């Protein structure tokens, strides 16, 4: 038995060593609420719980974990922020619904995001028009019903509510048929989180649709692009910072290329007809969100121009419906949803005023 386990054990050890070598680079990209040690611990736990991930190329695994660091998301199936999903021997990163909530809030304009699923026994009232209304009272199952597979009845759909800092709000609802139509487009429709966490994927689907009408962060546009690639069965390599299946070693001792030369490479890669104002906004917001400088963003873009401009294009499309403006500084948010309000994640300023803060498990 020990001989049978040896290959998997050795693979896990090799992957752990590769991730440890990249710890310094991950730490530079991570937001304050997440440390490199925790990210590596969570990533290794997820990898070991999904044996097929051990058969993925180390480069694709490293690229996915590095992207998690850049987005500030933990690849843990229980937290639901992001999932590492094997497609053959390639690891693919798929953001989860809690990950989308976190990224949406980093736009700086969203106060809270709440998403829930609706079942046939629930009281649910939805009304659009001049007097919009969304009312949901979950059914309270009996002890006997709790022992059944569907204590609240059949799945009907999912909704999301966005509350903004100016006091306004918006909401959206998708029924089961609409959600399943999206699921069928996914390459992973019969595997991964669509099978193990259907409710969470349903919430993410409605959040992803509705957020197109809300202020978006650069990171959110990046996450959407990643998932769209996965759903279409297309490679994520360029978006993950990979080039022909390889990843730049974080601990490389090679001398860095000349800065002026790299900036020239970036300038020459700018597509014809690019709006200078939108590009400057994109560079500024990306620099702020990554605690870098515009020059630093350009240098990173010069390393992989194709991937950079694909992310820029996704960002530009999201901004076409509104006049570009500077994104306000993002406020610190709670690390996960409120224990007393499942499905809702608040700003830390809101939690600071809560009477339950001294005994709150998430703080």
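At a glance:
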quantity: Fully extended contour minus Cα-Cα distance, from residue 21 to residue 310, at 0.36 nm per residue; calculated: 101.2 nm
quantity: Cα convex hull volume per residue for the stretch 108-215 (Å³); calculated: 130
quantity: Modelled FRET efficiency - R0 45 Å, residue 8 with residue 199, Cβ distances, 0.05 increments; calculated: 0.90
quantity: Linear extension gain, residue 361 paired with residue 349, 0.36 nm per residue minus alpha-carbon span; calculated: 2.7 nm
quantity: Mean-position separation - Cα centroids, the stretch 120-164 and the stretch 38-68, in angstrom; calculated: 36
quantity: Separation in nanometres of the label points that stand 7 Å from Cα toward Cβ, at residue 264 and residue 127; calculated: 6.7
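None of the figures in this text is laboratory data; all of them are computed from the coordinates on show. This one's a predicted model, so the numbers in the text were calculated from it and none came from an experiment. Neighbour counts run over all protein chains shown; Cβ positions are idealised from the backbone, glycine included.
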